[in-house]
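The structure appears below as structure tokens.
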């Protein structure tokens, strides 16, 4: 056993058999030379059960002799305390990586707790954005700086994309603690704040509603668009329903005697949507097909209309409403209700909102009926004073 030197290490040539040259400071450090000439630092030791083991420190050239000696002293000190580096390494290899976490998140959380459409969106997002960025990490290795780096990169796409990443990652790391992949209270998303987003609010004016209505009638008479498309747009405007609620509406959900749709499932769960006699009259004009259960039928036999976006873009352009999204028809229904003096709880109930703050965005539209009410009260007071 001799003291290793850089000159000695550099002069070593490939061996016919693997050979190890041992150092004397510290005792246990060695340099292994392979048949290919690769030179690797190792330590030899006995664990607390007196079993002889070897542990690889690293390749010469990547780490220096001095670095190998410092690492060897630290490892041998830990071994004297009963800490076996080989066991720690084996455990580290078993630790789940981020791909394992994402797969379990999608399988056990997203697919169970989210709607199929939302789950599909989550799955696509994870595979497109998160796995490429974090898939190489072990779950325990991810730090706040790694989450921040992902946020900054995705911000270049859009702030919405960045915020969605933080939402999914935050939930996934909370679950990682529950599943034992990380220690408690170590979520690296903590203090990485999402960007504040202003909700898009676009309401149709009375004049715009009139313009849209006239254009729908023109399209119907001229047969410029399929009837199911025109019916769907009308029902969206007159009921305040979400797009998917109208497109997947089955005849069996409709009760014309009670003027309501009984939806077994929606974004907020099962709910009842009440509609006006005007909507009831529209439904009565729609021909029911014996081989199709849906109110708004598609081109394929037995299926509902799938894509309303393309015809809507054509119609809104013709109406001069290029900035109006389909979802804005729902906003417009709510705005008309607010301007009619209806209370926020009633509006929220009609729309099927699960949270009061969702309906609160329409509170500023209640100014007109409030002013009328105040004027009426003041008029009565002034008449009494006179």
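Values in this text are rule-based calculations from the coordinates and carry no lab data. Small disclaimer: the values here were computed from a predicted structure and weren't measured. Note that we place each Cβ from the backbone using ideal geometry, even for glycine, and neighbour counts take in every protein chain shown.
Looking only at the stretch 168-214, which residues are surrounded by 12 or more Cβ atoms within 10 Å (Cβ to Cβ) and under 30 Å from residue 278 (Cα atoms)?
Answer for the stretch 168-214, where residues must be surrounded by 12 or more Cβ atoms within 10 Å (Cβ to Cβ) and under 30 Å from residue 278 (Cα atoms): 201, 202, 203, 204, 208, 209, 211, 212, 213.
Give just the number: which of (1) outside any helix (DSSP H, G or I); (2) under 26 Å from residue 347 (Cα atoms) does residue 244 not satisfy?
(1)
Which residue is surrounded by the most Cβ atoms within 10 Å (Cβ to Cβ), if the candidates are limited to the stretch 128-156 and must be over 18 Å from residue 182 (Cα atoms) and without any contact (Cβ under 8 Å) to a residue 24 or more places away in the chain?
Only one residue fits best here, namely 150.
For residue 310, which of the numbered conditions (1) in a helix (DSSP H, G or I); (2) touching a helix residue (DSSP H, G or I) at 6+ places or on another chain (Cβ under 6 Å); (3) over 22 Å from residue 263 (Cβ atoms) fails to hold?
(2)
What helices (runs of 4 or more DSSP H) lie completely within the stretch 1-103 and have 1 or more residues being farther than 25 Å from residue 137 by Cα?
6-11, 65-80
For the stretch 184-224, enumerate the residues that are farther than 25 Å from residue 154 by Cβ, part of a loop (DSSP other than H, G, I, E, B), in contact with a helix residue (DSSP H, G or I) (Cβ under 7 Å, 6 or more places away or on another chain) and without any contact (Cβ under 8 Å) to a residue 24 or more places away in the chain.
Of everything in the stretch 184-224, just one residue is farther than 25 Å from residue 154 by Cβ, part of a loop (DSSP other than H, G, I, E, B), in contact with a helix residue (DSSP H, G or I) (Cβ under 7 Å, 6 or more places away or on another chain) and without any contact (Cβ under 8 Å) to a residue 24 or more places away in the chain, namely 184.
Would you mind telling me which numbered condition in (1) loosely packed, with under 11 Cβ neighbours inside 10 Å; (2) closer than 30 Å to residue 189 by Cα; (3) touching a residue at least 12 places away in the same chain (Cβ under 8 Å) residue 82 fails?
Going through the list (1) loosely packed, with under 11 Cβ neighbours inside 10 Å; (2) closer than 30 Å to residue 189 by Cα; (3) touching a residue at least 12 places away in the same chain (Cβ under 8 Å), residue 82 breaks only (2).
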